[in-house]
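Colleague: This is the structure I have questions about; it appears just below.
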Amino acid sequence: SLLYLQEPSNKRVRPLARVTSLANLISPVRNGAVRRFGQTIQSFALRGDSKSPGCAQKSCSRSAAPTPPKRRNSVLWSEMLDVNMKESLSTKEIKRQEAIYEMSRGEQDLIEDLKLARKAYHDPMLKLSIMSEEELNHIFGDLDSYIPLHEDLLASLGEATKPDGTVEQIGPILVKWLPRLHAYKGYCSNQLAAKALLDQKKQDRRVQDFLQRCLESPFSRKLDLWSFLDIPRSRLVKYPLLLKEILRHTPKDHPDIQILEEAISIIQGVLSDINLKKGESECQYYIDKLEYLDEKQKDPRIEGSKALLCHGELKNKNGHKLYVFLFQDILVLTRPVTRNERQAYQVYRQPIPVQELLLEDLQDGDVKMGGSFRGAFGNSDKAKNIFRVRFQDPSLGQSHTLQANDVFHKQQWVNCIRTAIAPFQRTAAAAELKELPELSEEAEENNPSAPNVQAQKRQSAVSGVTEMELDESTSECCSILDSEEAKGAKTHRTSSGHRKTREKQLSGKRKETLV
């Protein structure tokens with residue numbers, strides 16, 4: 001029946017209101033927003049009727065005037081008090097009661113939005129077959145089950161409110177209720193997959209048309225469907241802020257002090273558990289979407305990953321877009337592809353285990369981006385926000401010069417990679433230092449006055465790779481050594497070819513020692 005909303009037809013059809021009405025599919029409820037939703041859908045039907053000769057003039061004129069979007073009540077707690085009551089309370093107590101009222105009002109708004117998501121989106125789309133029940137369950141999850149959870153808190157706050165509108169103690173209520181928020185683990189873990197499915201379904205014209213009509217309706221407050229589905233998550237992260245605000249305005253001798261501190265600790269633990277579960281789910285979501293061109297690309301460290309440290313779009317030296325994943329133990333570069341209207345990620349080159357990963361933070365202009373053609377004719381084509389990753393052993397795979405969109409994203413990537421590889425580098429550095437006394441010849445050649453800096457520079461020019469500065473002390477050490485070596489090099493330019501070849505080999509070893 002909704003085909004009449006999809007596209008124009010040359011066939012004579014009955015108006016939408018006579019075929020079906022979304023308003024008739026919604027059961028009567030006391031919720032004002034949902035009632036307005038029904039009126040809005042009726043106005044859609046009247047809009048369709050206006051094209052027919054039998055349209056009433058009154059109905060046409062009503063549909064022409066858009067209804068303004070609904071606004072939330074933003075009255076403060078102190079504005080509802082009479083003058084005498086306000087004068088009897090201290091400024092600190094008024095602010096404390098304001099914070100408690102804000103929590104209570106937020107619960108009421110959340111409950112209203114959860115009910116609205118069900119009545120205005122889920123049920124109509126199911127009954128009109130815009131989406132299947134399985135798809136809707138995947139997108140909405142068990143959203144209904146959280147309504148009683150928040151109704152319980154709202155009821156407890158109502159019981160604790162005295163006739164004058166104040167709440168004496170809120171701590172015991174919160175300590176008892178907050179652990180129940182662990183129920184959101186499953187919902188938050190499913191959000192990434194739910195958002196991906198919703199974005200995919202928006203390509204369907206029926207879904208797009210329905211959601212657009214809802215967005216233009218007063219009940220939506222100009223919020224799209226995903227904003228309603230994401231409200232529980234955004235509410236969760238507000239709880240610590242609300243509790244800290246209440247605690248900040250609570251007198252030190254108040255019995256709520258210690259209990260509120262305990263409540264803050266509880267909600268932080270809950271959020272930590274939810275984030276951990278959400279991270280594992282996100283990690284597995286992307287692992288399942290990886291496609292391998294070669295069996296050699298498969299690595300057990302990918303399948304065994306439980307955390308995704310960083311991921312996002314970067315460009316390689318040729319200007320091609322790559323999607324890069326930094327799992328806890330391995331770096332994977334991929335190319336985004338579409339398979340049967342679904343996003344997938346084709347693994348590009350060989351994944352680099354974190355313990356074998358070297359990072360080089362490049363300066364703006366160090367590398368020309370855009371491929372050989374542009375590199376040949378564009379002398380001013382200097383790249384910004386670039387860094388390079390490669391295997392410690394160059395024979396295992398090629399290096400990758402990557403470009404971020406801006407300096408912020410570049411620094412985010414560099415920091416994440418440095419954090420991931422730091423434990424392995426400390427271990428490697430300790431092992432190399434332990435072996436140094438046994439390398440008597442190398443120790444002799446590593447004297448700052450030794451004439452090996454020219455060989456180092458020639459080797460660096462051939463390999464195109466420079467060592468990464470791990471920290472300030474290492475970089476200072478390298479600069480001192482380089483300056484001393486430069487002085488020594490001036491007095492040893494007549495060395496034999498055999499001597500230079502040997503210095504190349506030893507300087508390479510020494511580089512790894514410094515890193």
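The values are calculated or read from the model by the stated rules, or taken from the named source; none is laboratory data. Note that the structure is predicted; figures quoted are calculated from it, not measured. Don't worry about glycine lacking a Cβ; one is built from the backbone with ideal geometry, like all the others, and counts go over all protein chains shown. Calculation scope for accessible area: heavy atoms of the full protein, side chains included, ligands and nucleic acids excluded. Shrake-Rupley method; radii C 1.70, N 1.55, O 1.52, S 1.80 Å.
Colleague: Roughly what would the spin-label model give for Arg205 and Glu295, points 7 Å off Cα along C-beta, in nm?
Modeller: It works out to 4.7 nm between the two label points.
Colleague: Can you tell me the accessible area per residue over segment 77-287, all protein chains present, probe 1.4 angstrom, in square angstrom?
Modeller: On a per-residue basis, 47 Å².
Colleague: Taking every pair of Cα atoms in segment 192-237, average 1/r, invert it to obtain the Kirkwood radius, and report Rg/Rh to two decimals.
Modeller: Here the Rg-to-Rh quotient is 1.01.
Colleague: Once you've got the Cα coordinates, tell me which of Lys278/Lys382; Lys195/Lys321; Lys201/Lys321; Lys244/Lys277; Lys201/Lys289; Lys202/Lys321 are over 28 Å apart.
Modeller: Lys278/Lys382
Colleague: Something else about it: List the GluC sites (Glu not before Pro) in segment 312-357 that DSSP assigns to loop (not H, G, I, E or B) and whose Cβ has at most 15 other Cβ atoms within 10 Å. Which are they?
Modeller: The qualifying sites are Glu341.
Colleague: Place +1 on the Cβ of every Lys and Arg and -1 on the Cβ of every Asp and Glu in segment 77-287, take the dipole about the Cα centre, and give the residue among Val167, Ser132, Gln97 whose Cα lies farthest towards its positive end.
Modeller: Farthest towards the positive pole: Ser132.
Colleague: How far apart, in nm, are the 7 Å Cα→Cβ label points at Asp406 and Leu192?
Modeller: Simple spin-label model gives 2.4 nm for this pair.
Colleague: Determine the equivalent ellipsoid of segment 77-287 by diagonalising the alpha-carbon gyration tensor, then write out the semi-axes as square roots of 5 times the eigenvalues, largest first, rounded to whole Å.
Modeller: 37, 21, 13
Colleague: Here's another thing I want to ask about it. Once each part is reduced to its C-alpha centroid, what is the distance from segment 305-333 to segment 200-267 in angstrom?
Modeller: 31
Colleague: Give me the three principal axis extents of segment 310-367 from the C-alpha atoms, as integers in angstrom, largest value leading.
Modeller: 40, 28, 19
Colleague: Under unit Cβ charges (Lys, Arg +1; Asp, Glu -1), what dipole magnitude, rounded to 20 debye, does segment 254-396 have relative to its Cα centre?
Modeller: With Lys and Arg at +1 and Asp and Glu at -1, about 960 debye.
Colleague: Can I ask one more? Extension gain Trp226-Gln268, at 0.36 nm per residue separation less the Cα-Cα distance, in nm?
Modeller: Stretched fully, the Trp226-Gln268 segment lengthens by 12.6 nm.
Colleague: Same structure, new question: Note down the relative contact order for segment 77-287 as a percent, whole number, built from C-alpha pairs under 8 angstrom at least six residues apart.
Modeller: Numbers: 166 pairs, mean separation 62.7, N = 211.
Computed value for segment 77-287: 30 percent relative contact order.
Colleague: Taking the Cα-to-Cβ direction at Lys127 and at Glu93 and moving 7 Å from each Cα, how far apart do the two end points lie in nm?
Modeller: 5.1
Colleague: Okay, moving on. For segment 235-382, just the Cα set please: Rg and Dmax, both in angstrom.
Modeller: Every Cα atom of segment 235-382 included, Rg and Dmax give 23.0, 75 Å.
Colleague: Roll a 1.4 angstrom probe over the protein heavy atoms and tell me the percent of accessible area of segment 77-287 that is carbon or sulfur. Numbers along the way, then the final one.
Modeller: On the way: 4880 of 9890 Å².
Roughly 49 percent of what the probe reaches on segment 77-287 is carbon or sulfur.
Colleague: What dipole magnitude, in Debye to the nearest 20, does segment 77-287 give about its Cα centre under +1 on Lys/Arg Cβ and -1 on Asp/Glu Cβ?
Modeller: 500
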